[in-house]
Amino acid sequence: MTRRTGLLAAAGALLAGCSGTQALNALVARDTYTSRGGIAYGTHPRQKLDVYKPLASAHSTATPPVVLFFYGGSWTRGERADYRFVGESLASQGVITVVADYRLSPEVRWREIAQDSALAARWVFDNLNDMNGDPKRVFVMGHSAGGWNAAMLALDARWLNAQGLSPRRFAGWIGLAGAYDFLPIENPEAQVAFNWPDTPPDSQPLRHVSKDSPPALLIAPDSDKLVNPERNTEGMARALRAQGVPVTVHRHSAINHVTLAGSLAGPLRWLAPVRREVLDFIAAPAAAGAAR
């Protein structure tokens, strides 16, 4: 398979709604970062993470920013190894990137998923010195269902408080087509994860927006059949602005729910400038100055 053929196959798989992550990972560079894999942040086999670090000579500062990334999959599927393209995309540009697994439904429900997310964040903050990461520039980021994980850490203090932390430790949070306001639940897999119809309103990130929420970057496709961008992305942006919280919104017409994440990878970066928008937000003074 030529690189061009592989590129077209990866794009086709993603555009068809398949994961396409193995194809993407096969096409992205392996010499633009260093990594450590399979690091335990808890005792469960799913409580592991991978760390991607910038090369000392490439786009790096003395103390690089850090991004904790959560993938999507309706809270029922996903593997951190499938998202090496995310780690490479950001680490190659000077950002320490941590990709975390978490327990999934039906083994657990949404509260345990939020607890795992907070436990992974605790590992990040506890290991900033070892990673040489900047404690004032730690961000949490997620795509789709993982956007819910990221938003719950950034907005709902109870999860980080249980780990002796606060959402105020984040310099900002990044949601890629995130699920922030989705009651009533129509997705059968999400119904299990959230005990529908006995789903409490406080399971929705939108309910936890306050004036103390960290700055946000919200990116979504114009057309998304899985997570409604008007209700979720735009609704979250309105709620944050109403509280005086800085928020940046980008909408794109050439990507869909799946290719939004795929466009972070080099082979599909031509679809939309998502990586550039993420890097600009990480470098923005409004976001960097929010960590307290």
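Every number here is computed from the coordinates shown, using simple stated rules; none is lab data. Not measured: the values here are computed from a predicted model. Positions of Cβ are backbone-derived with ideal geometry, glycine not excepted, and every protein chain shown enters the neighbour counts.
Residues considered: Ser210, Ser223. Of these, the only one that is surrounded by fewer than 19 Cβ atoms within 10 Å (Cβ to Cβ), more than 15 Å from Met152 (Cα to Cα) and hydroxyl-bearing (Ser, Thr, Tyr) is Ser223. Once the range 141-176 is narrowed to residues that are part of a helix (DSSP H, G or I) and closer than 23 Å to Gly37 by Cβ, the residue that is farthest from the chain's Cα centre (by Cα) is Leu153.
For (1) within 18 Å of the chain's Cα centre (by Cα); (2) assigned to a loop (DSSP other than H, G, I, E, B), each residue gets a yes or a no:
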residue	(1), (2)
Asp224	yes, yes
Asn228	yes, yes
Asn232	yes, no
Gly235	no, no
Arg238	no, no
Val249	yes, no
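Does Glu277 fit the bill of being under 20 Å from Ser144 (Cβ atoms), in a helix (DSSP H, G or I) and either of a type in the set (A, V, I, L, M) or touching a His at 6+ places or on another chain (Cβ under 8 Å) (or both)? Before the answer, list the steps.
On the way: under 20 Å from Ser144 (Cβ atoms): yes; in a helix (DSSP H, G or I): yes; either of a type in the set (A, V, I, L, M) or touching a His at 6+ places or on another chain (Cβ under 8 Å) (or both): yes.
When the stated conditions are applied, Glu277 passes them.
Please work out if Ser253 is of a type in the set (S, T, N, Q), over 16 Å from Trp173 (Cβ atoms) and surrounded by fewer than 18 Cβ atoms within 10 Å (Cβ to Cβ). Here the answer is yes, as Ser253 does meet what is asked.
Selection of helices (runs of 4 or more DSSP H) fully inside the range 60-140 by the criterion of at least 2 residues being buried (at least 17 other Cβ atoms within 10 Å of the Cβ) and out of contact with any Asp or Glu (no Cβ under 6 Å at 6 or more places or on another chain) returns 84-91, 110-126.
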